[in-house]
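What follows is a set of notes on a single structure, which appears directly below.
The values are calculated or read from the model by the stated rules, or taken from the named source; none is laboratory data. Given the structure is predicted, the values throughout are model-derived calculations rather than measurements. Counting neighbours? That spans all protein chains shown, and the Cβs are built from the backbone with ideal geometry, glycine included.
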Amino acid sequence: MKRIACTLLICILMCGILAGCANSKSKNTVEILIKELTEADIPIVYHIVFTDDNDPNGAGEHDYIEKGNFADERLGEYSLTEPKSGSIEIFNNNNEAKKRAEYLNGFTESDELQYQIIKDNILVRLNNAFTEDQVSDYVKALNSDLCHSPTSKIHEYAYSYGKMFVVHAGQLQEEMTLDEAAEIMGFDPINLKYNYYAWYDDLSSNTVYAVVENGKVKTLGRYIKSDDEDSNTSDESTLDKPSSFDESSKISDSDTPTNGNDSRPTGNDNNTASATKPTENKPVTSKAESQKQEPQNPVSSPSIGTAGQSNALKAAKNYLRVMAFSYQGLIQQLEYEGYSHDEAVYGADNCGANWNEQALKSAQNYLSVMPFSYNGLIKQLEYDKYTTEQATYGANNCGANWNEQAVKKAKSYLDIMSFSRDSLIRQLEYDGFTHEQAVYGAEANGY
């Protein structure tokens, strides 16, 4: 009888111990932890608890008791099947959680979730794209310590490129400083030339460009490829377009957007009066005729070059995505970036650009920010290293009304100094306007 009683007592004690163990295991769950994080003002907008059937690590048994992933709104768009802002794994005990963390640390190059926080039997892993302040929010909410972080190189790559590039591009605003914009994007922009700057994402070919005046961003252009586009699609959607853009400004692999924002004073609009002066109804050279005058680069796939040549070619295409260049101007820009002359020439030769069309876009860019005479515009394009034929093509096809350009030029002079009627007309003629255009400009401004 005593033996039976003793056996019953042992069974009761064992049941109590097992029940206690079961309670300790179930004390922490993914749902409970998500609730704690949201109550601590962590902006989790979605989460999923995995089962054996839908676990991304595969079906069957795992070291963890339960696992879930979540989406933090600060990292932008997310997948409903596997959000990757972070994951929560529940284990039997603290040692198992640590063992799992140590195992994952062996995948430093491929693991997207390298920030690790261990609390009791819980392993929380956070995306490499989180900033230090954002990770600190999680550490404080969990009342624990950060036990592992990605290298600075991995963090910078995750923060700055791919999906995060799109997220950060949407946070840029006009009137912020260039330094503020660079801090948001995660890396410094390329100074294309003058006051044009651009951020480019090699992973997606997405591009953001900015026109900067007096240290502040005055115009922003965001060219973002939509998720459902494949690599062969030429059209790209935009997150945002500055007011000076139209639908023809969209990027494609064979087209460059019209930026229309170069506000650089040129100092090259003052052409001599002896230059050949066009009439107001200057005949327009057709694209076909002009292209006969200037051979264009072949658009067929170039032969595989050296690593330096391949990178120069990629850089050339990147530049042409955000602004227009002449052939020589593009070579100079590539050399400025550190490419050898041969590499720069290879990039310009094989980028597939139509230099007549580049000249036309440059002409339109200039006219959108300052007035030019016909001859003055040609001189400016030649200054940018376009050939005379290419510059003439740009001026002939830009659609400018040269009388109206004379009006704008006259007004720009009168805004800063006084002119008599005759002196204003002489100044406009000096700038390359015909006598008739100069008179029209003066009379339209009150003379």
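Quick notes
Rundown of residues vs (1) in contact with a Phe, Trp or Tyr (Cβ under 6 Å, 6 or more places away or on another chain); (2) assigned to a helix (DSSP H, G or I); (3) at pLDDT below 80, yes/no style:
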site	(1), (2), (3)
Arg125	no, no, no
Asn128	no, no, no
Asp133	no, yes, no
Ser136	no, yes, no
Val139	no, yes, no
Leu146	no, no, no
Glu156	no, yes, yes
Val167	no, yes, no
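- Test set (1) at pLDDT 90 or above; (2) touching a Leu at 6+ places or on another chain (Cβ under 9 Å); (3) under 23 Å from Cys147 (Cβ atoms) - Ile48 fails condition number: (3)
- Hits in the range 71-104 - residues which are out of contact with any Phe, Trp or Tyr (no Cβ under 9 Å at 6 or more places or on another chain) and crowded, with 22+ Cβ neighbours inside 10 Å: none
- In summary, Glu175 fulfils each of the numbered conditions (1) at positive phi; (2) assigned to a helix (DSSP H, G or I) with the single exception of condition (2).
- Among residues of the range 389-409 being in contact with a Phe, Trp or Tyr (Cβ under 8 Å, 6 or more places away or on another chain) and of a type outside the set (S, T, N, Q), the one that is farthest from Tyr440 (Cα to Cα) is Gly394.
- Considering (1) within 29 Å of Phe70 (Cα to Cα); (2) free of Cβ contacts under 8 Å to residues at least 60 places away in the same chain; (3) in a helix (DSSP H, G or I), the lone condition that Phe187 does not fulfil carries the number (3).
- Selected residue (only one of Tyr374, Tyr366, Tyr413 is more than 20 Å from Ile331 (Cβ to Cβ), aromatic (Phe, Trp, Tyr) and in contact with a Lys or Arg (Cβ under 7 Å, 6 or more places away or on another chain)): Tyr374
- Considering (1) in the same structural domain as Tyr64 (by TED's automatic domain parsing); (2) among the aromatic types (Phe, Trp, Tyr); (3) without any contact (Cβ under 8 Å) to a residue 60 or more places away in the chain; (4) buried (at least 17 other Cβ atoms within 10 Å of the Cβ), the lone condition that Phe107 does not fulfil carries the number (4).
- Ser149 meets all of the listed conditions (1) out of contact with any Lys or Arg (no Cβ under 8 Å at 6 or more places or on another chain); (2) under 27 Å from Ala324 (Cα atoms); (3) of a type in the set (Gly, Ala, Ser) but one, namely (2).
- Close pairs from the range 403-415: first surrounded by 15 or more Cβ atoms within 10 Å (Cβ to Cβ), partner outside any helix (DSSP H, G or I) and of a type in the set (D, E, K, R), Cβ under 7 Å, at least 6 apart: Asn403/Glu280; Lys409/Asp431
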